[in-house]
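Below: the structure, in structure tokens.
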Amino acid sequence: MPDIAALKHHADLLDRAATRVGVDLQEAALSGRLAFDDIADSVLRCSKCALPEACQVWLSEPAEVGDTLPGYCANHEVITALQENVK
């Protein structure tokens, strides 16, 4: 299991990626659209990703209108479903 610092790093990547595509994970959890356990599971999925450096590069680039998650994102399905639910 990843250490605490690694989990915090991946939680940050997850939150920043979701925010970039217009998804507020905290709001989704508070409104009941996403269980808090699902956020924890998403962080764990992120921590097992083979491409966290690519994610960091994507997040460091200027955001563009209509940004979508990279296809390699381990949480693509979860975040895209939340994104579609907001529209």
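The values are calculated or read from the model by the stated rules, or taken from the named source; none is laboratory data. Because the structure is predicted, anything quoted here is derived from the model rather than measured. Note that we place each Cβ from the backbone using ideal geometry, even for glycine, and neighbour counts take in every protein chain shown. We work out accessible area using only protein heavy atoms, side chains counted, and drop any ligands, DNA or RNA first. Shrake-Rupley method; radii C 1.70, N 1.55, O 1.52, S 1.80 Å.
For L82, only one of the following conditions fails: (1) free of Cβ contacts under 8 Å to residues at least 60 places away in the same chain; (2) over 15 Å from H10 (Cα atoms); (3) part of a helix (DSSP H, G or I). What is its number?
(1)
Going residue by residue through region 12-30, is there one that turns out to be free of Cβ contacts under 8 Å to residues at least 12 places away in the same chain, open to solvent by 60 Å² or more (accessible area, probe 1.4 Å) and small (G, A, S)?
no
State which residue pairs qualify: first residue at pLDDT 95 or above and inside region 54-71, second residue open to solvent by 80 Å² or more (accessible area, probe 1.4 Å) and not polar (S, T, N, Q) in any location, beta carbons under 7 Å apart, and separation of 6 or more residues or different chains.
Qualifying pairs under 7 Å: A54/Y72; L59/R16.
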